[in-house]
Amino acid sequence: QVQLVESGGGLVQAGGSLRLSCTASGRIFSINPMAWFRQAPGKQREFVAHIVSGGVINYADSVKGRFTISRDNAKNTVYLQMDSLKPEDTAVYYCNAGVRVVASGGYLEVWGQGTLVTVSS
């Protein structure tokens, strides 16, 4: 069984910064991609950023230039550095990963439990 555990959420004032972490544990052969999504109150879950092990990175337009995604493959961990935060960034942030548990197997999509980020004005 594979689990993703997020941390780093909290309350911050507009213009401030937070760093989210997400670590995968369990039986893991490889992980690709690793991503962050978010869901604001009353809204659908939306893509924030993802990173592929080959170095390909994509961001949602709403966070480009403010958020930075990175990963530590040795630790099976993905990070999301969030700077210049805005009240509209308030949401539950979810980690998402494609996990291969054996070399010959397919990728299983796994979600974390989410971590709340609240940005006050």
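The values are calculated or read from the model by the stated rules, or taken from the named source; none is laboratory data. In this text, all values refer to a predicted model and were calculated from it rather than measured experimentally. So basically every Cβ, Gly included, is an ideal-geometry build from the backbone, and we count neighbours across all protein chains shown. Only protein heavy atoms, including side chains, enter the accessible area calculation; ligands, DNA and RNA are left aside. Shrake-Rupley method; radii C 1.70, N 1.55, O 1.52, S 1.80 Å.
One line per residue, one yes/no per condition, for (1) under 18 Å from VAL119 (Cβ atoms); (2) within 12 Å of the chain's Cα centre (by Cα):
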{"site": "VAL5", "(1), (2)": "no, yes"}
{"site": "GLY8", "(1), (2)": "yes, yes"}
{"site": "ALA14", "(1), (2)": "yes, no"}
{"site": "ARG19", "(1), (2)": "yes, yes"}
{"site": "PHE29", "(1), (2)": "no, no"}
{"site": "GLY54", "(1), (2)": "no, no"}
{"site": "ILE57", "(1), (2)": "no, no"}
{"site": "LYS64", "(1), (2)": "yes, no"}
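Of the residues that make up region 1-16, is at least one in contact with a strand residue (DSSP E or B) (Cβ under 7 Å, 6 or more places away or on another chain), open to solvent by 60 Å² or more (accessible area, probe 1.4 Å) and outside any strand (DSSP E or B)?
Taking every residue of region 1-16 in turn, none turns out to be in contact with a strand residue (DSSP E or B) (Cβ under 7 Å, 6 or more places away or on another chain), open to solvent by 60 Å² or more (accessible area, probe 1.4 Å) and outside any strand (DSSP E or B).
Answer with yes or no whether THR68 is at pLDDT 95 or above, open to solvent by less than 50 Å² (accessible area, probe 1.4 Å) and β-branched (Val, Ile, Thr).
Details: at pLDDT 95 or above: yes; open to solvent by less than 50 Å² (accessible area, probe 1.4 Å): no; β-branched (Val, Ile, Thr): yes.
No: the conditions fail for THR68.
Pick out the one residue from TYR94, TYR107 that is touching a strand residue (DSSP E or B) at 6+ places or on another chain (Cβ under 8 Å) and at pLDDT 95 or above.
TYR94
Give LYS43, LYS64 a once-over and let me know the one that is part of a loop (DSSP other than H, G, I, E, B), out of contact with any helix residue (DSSP H, G or I) (no Cβ under 8 Å at 6 or more places or on another chain), basic (Lys, Arg) and within 21 Å of GLY8 (Cα to Cα).
Only one candidate passes the filter, namely LYS64.
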